Amino acid sequence: MLFAHAGGMWRADPELLVLLATVPPGDAVILDLYENPIQVNPELLRGLAMQRWQEQMNAWLIEHEQLNQQR
């Protein structure tokens with residue numbers, strides 16, 4: 001769930017999604033995964049993070065359903 005954007009490295013997780021939901025619209029400076037200050041557009045970064053998060057959740061759901069069928 002790691003991805004690069006705007007010169008920073010981000011982890012698509014609930015913590016990042018909540019942070020981005022609380023940042024006002026417009027450019028903002030937030031810390032990336034390695035605590036580097038990065039200027040980003042919060043709406044754009046939130047969209048990318050949400051996409052990555054949803055992809056991972058879908059993959060986990062499919063894996064979970066396959067394991068349940070094997071039992």
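Charged neighbours of Ala12, selected by a Cβ distance under 13 Å, balance to -1 (K, R count +1; D, E count -1). Could you list the residues of segment 1-20 with an amide nitrogen less than 11 Å from a label point located 7 Å from the Cα of Leu33 in the Cα-to-C-beta direction? Label zone hits: 1-5, 8-13. In a simple Cβ point-charge model (Lys, Arg +1; Asp, Glu -1; nothing else charged), segment 2-70 has a dipole of about 80 debye relative to its Cα centre. For segment 2-70, the Kirkwood estimate of the hydrodynamic radius, built from every pair of different alpha carbons, is 13.0 Å. Relative contact order for segment 2-70: 29 percent, from Cα pairs under 8 Å spaced at least 6 residues apart, divided by residue count.
Identify, among Val40, Asn68, Ala21, the residue whose Cα sits farthest towards the positive end of the charge dipole of the chain, taking +1 on the Cβ of Lys and Arg and -1 on the Cβ of Asp and Glu, with the dipole about the Cα centre. Ranked along the dipole, the leading option is Asn68.
None of the figures in this text is laboratory data; all of them are computed from the coordinates on show. Being a predicted model, the structure only gives us computed values, none of them experimental. For neighbour counting, all protein chains shown are included, and Cβ atoms are generated from backbone atoms with ideal geometry for every residue, glycine included.
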